[in-house]
Every structure is written in structure tokens, then in C-alpha cells.
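One structure is given below, encoded as C-alpha cells.
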Amino acid sequence: MSSDTDVTATTAVAYPNIALVKYWGKRDEEFFLPVTSSLSLTLDIFPTTTTVTVIDGPDDVVEFNGEVASGTPLARITRFLDLVRAKTGRTERAHVVTSNAGPTGAGLASSASGFAALATSAAAAFSLDADQRALSRLARRGSGSASRSIFGGFVVWNAGDGLGEAADLGSYAEPIDGGSLDPALVVGVVNNQAKAVSSTVAMRQTVATSPFYLPWAESSKVDLAEMRAAIAASDLAAVGEIAERNALGMHATMLTARPGIRYLSPQSLAILDAVQGLRADGVVAYATIDAGPNVKVLCSRADAPVVAKTIEALGDFVSTQTAFSGQGAYLLRDGAS
Ligand code: DP6
């Protein structure tokens, strides 16, 4: 039944986002409701492109970076498509073809771009009537951070209140005005491999066992309020300082989970030292790190080359990619690119 010209085949593109105030911990696992609100910058590198075609077959078929998916990755996408089917009252299966331009599962936000692209393309393929806020809520159900990749630039994901279905409407992302900020994120890539412990598992274990979790969650509320003020004032140094302390605090909660979880490697710490050195030399540069050893350095567009050069000078173990503010998820129409 399906073919390349099938009107129900739709393609979407979405970009990763890097949180400057992190999402780390769910209050409701089924509905992907976070403990805290978070704030991110959508990037202009490492997009995910996803085509969804409604098919006649008995099962969903997923091709991921050129290989047919099975096991957990397939189950996660089928469960997500089940949500779309439940919302639309449709029962057909889907053929999903998805590819990441960047590394997958390496703390470079591939699940954010992945589920934002899937939500956007699947909603269109199944004719789900969804505005951007509804798409953000839908993407959230695939991976929390994906809620933010529906939008470009600086984005806040409002945690909302309550639990379960009743709380679903109140937990969505929305863009915020970045003023005159034009930041760069220099990504120091030290490891392209998928991490051993997923974010989902690591945050669950942290919430359940770290004595530092609740203090971090409380301080994250202050970080968010101060971050909003710093962005409104277009104060890059303040934005960086808050982002760095929030990220290091998140890693402290993981290190103090039982058993502890450590994504930081000696190479990550070498980059953190280099960032401190840059600051000592008067360069406005601050680091943030997600669930992996790769380090993202926030700086101005003008300083990005010196930041990249300094990180690369550390040795062959690290390469860099420089990202700027990118756009939200979008559909490709009529073969447009
Ligand atoms: C460290 O969104 O990947 O990148 O909702 O369980 O899929 P799930 O987790 P995910 O976690 C992202 C964690 C983070 C911080 C952030 O992006 O805010």
C-alpha cells in the first residue's frame, strides 16, 4: 500500500537541545512529568530526520541509521506510536525511517532531537490535530528533553503540577526571548559511543537514592529564576555561571546516588580545567555536561574559535564541533529540504 508518494508519508527534522538548567528526575514516570522545570538552547548541528509512513502491515517497522531496529529501541518507538494511535483513534502501523547526523546516546541529546522529529512526523502522518504546545507535550512522552526541541533558541519546559493524565496539559515547553544573546556552544567530543547507563535509568536511581537530590532540585528553582533574569538582561557571563553550577550540581546528585553513577571522565575534567583557564585569561566561557563525558562550552560567537582551539590543544582525545542557536522541529513538504 505505502510508497514514496503515499500522502501519509511525512518527514520531519529536529535538532538537539542542551539544557542550561537541567531536567534530572521524574515525578511521574508514565507521563514523563519532571520534578523541576528546565531551560535549554536548541542547537543548529546534529539534526535527526524522521519519515513516518502509515502502512497496512501487522507491526511497526523502524529503521534506525540504516538498520532495522528491534528490542528496546523498537519497543520505545512502538509505545510512542501507540500514544499517537490512541489520540487519533487509528489502528494502522507505521514504517519509521530515522537517522541522526550526530552521535547516538552519547550525552549529545539524540533522544531530544529523535522524539521531537518522531512526534512531528507521526502527528502529521496520522493526521493528529496538534499545535506546537501539543507537539511538545507529545514529544515529552517519548523523552522528556524532546519537549524542548519542538522550539528553537532558548526554551523553557514548564514542569507543571500534579500527577497522571490530569497533569499532562500543564507540562510543556515554550520559547523565550533571547534578547541580544548570540551564544555559541563548543562541543568537546571525547567519546562518541553510547553510554552504559541511560539517562532514564540514571535519573530514576538518583531520585530514589541520592541524599543530594532534593537540595539540588530546590536550588534548581533558584537557578531557573536567575537564568531567566540573566537571559532577559542578555548577560552571557551570568547565563554561563548559572548553567555551569546547575550542571555540576546535577552530576553531584549522580555521584552521590547509591550506587554512584559517574559520566564524567578524566577527559571531561581536563576540559573543565581548560575552561577555567580560559576564564582566568578573561574569556567568557562556561561548561555544561549531560549524561555522558562530552563537555559543551558556552561562549560568545566571537570567542568560539579560541575556545575550540584551546580544547583541541589538550590532545588527540578530543575533537570539537561548534554549534549556534538552532530552529525548532519542522516538517519537510513536497520533497522540500
Ligand atoms: C542530562 O530526556 O534523555 O540531558 O526523559 O528519561 O528520556 P528521558 O530522559 P532524557 O534526559 C535528559 C537529561 C539531561 C538533562 C536535560 O536535557 O535537561
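The values are calculated or read from the model by the stated rules, or taken from the named source; none is laboratory data. Everything quoted here is computed from the prediction, not taken from an experiment. A quick note on method: Cβ atoms are made from the backbone with ideal geometry, for glycine too, and the neighbour counts reach across all protein chains shown. These accessible areas exclude ligands, DNA and RNA; they are computed on the full protein's heavy atoms, side chains included. Shrake-Rupley method; radii C 1.70, N 1.55, O 1.52, S 1.80 Å.
Brief remarks follow.
- Karplus-derived 3J(HN,Hα), 6.51/-1.76/1.60, for each residue of the stretch 231-242, Hz, glycine and proline x: 5, 4, 8, 6, 9, 4, 5, 5, 4, x, 4, 5
- Applied to the stretch 48-55, the Karplus parametrisation 6.51 cos²θ - 1.76 cosθ + 1.60 on θ = phi - 60° returns per-residue 3J(HN,Hα) values of 9, 10, 9, 10, 10, 10, 6, 10 Hz, with x for Gly and Pro.
- Per-residue 3J(HN,Hα) values for the stretch 113-125, derived from phi via the Karplus relation 6.51 cos²θ - 1.76 cosθ + 1.60 with θ = phi - 60°, read 5, x, 6, 5, 5, 5, 4, 5, 6, 5, 4, 5, 4 Hz in sequence order (x marks Gly and Pro).
- Rounded to 0.05, the FRET efficiency of the Glu165 and Ser319 pair, given R0 = 51 Å and the Cβ-Cβ distance, is 0.70.
- Sequence-distant contacts, meaning Cα pairs under 8 Å at least 6 residues apart, place the relative contact order of the chain at 24 percent.
- Average Cα contact separation per residue, the stretch 251-317, under 8 Å, 6 or more apart, as relative contact order %: 26 percent
- Rounded tilt (10° steps) of 266-280 against the dominant C-alpha axis of the chain: 60 degrees
- A straight chain from Asp235 to Gln276 at 0.36 nm per residue would run longer than the Cα-Cα distance by 12.9 nm.
- Of Gly160, Pro47, Ser121, farthest towards positive along the dipole that unit charges on Lys, Arg, Asp, Glu beta carbons give the stretch 8-179: Gly160
- Amide hydrogen proximity for Asp44: with H placed 1.01 Å from N in the peptide plane, the residues at 5 or more positions away or on another chain lying under 5 Å are Phe324, Gly326.
- Under 5 Å from the amide H of Asp60 lie the amide H atoms of Ala94, each residue being 5 or more positions distant or on a separate chain, with H modelled from the backbone and absent for Pro and chain starts.
- Surface exposure of the stretch 101-176, expressed per residue as accessible area with a 1.4 Å probe, stands at 29 Å².
- Rounded to 5, the percent of DSSP beta bridges in the chain classed as antiparallel: 90 percent
- Among Ser319, Ala280, Leu332 - extreme Cα towards positive end, dipole of the stretch 274-337, charges at beta-carbon: Leu332
- For the stretch 282-337 versus the stretch 124-141, the gap between their alpha-carbon centres in whole angstrom: 28 Å
- Cross-link partners for Lys195 among the lysines, with Cα-Cα distance under 26 Å and sequence neighbours closer than 8 places in the same chain left out: Lys22, Lys26, Lys296.
- Antiparallel DSSP beta bridges within the stretch 20-97, as percent of all bridges there, nearest 5: 75 percent
- Structure remark: mean-square fluctuation, Gaussian network model of the chain, C-alpha springs under 10 Å; the largest value among Ser199, Ser147, Ser113 belongs to Ser199.
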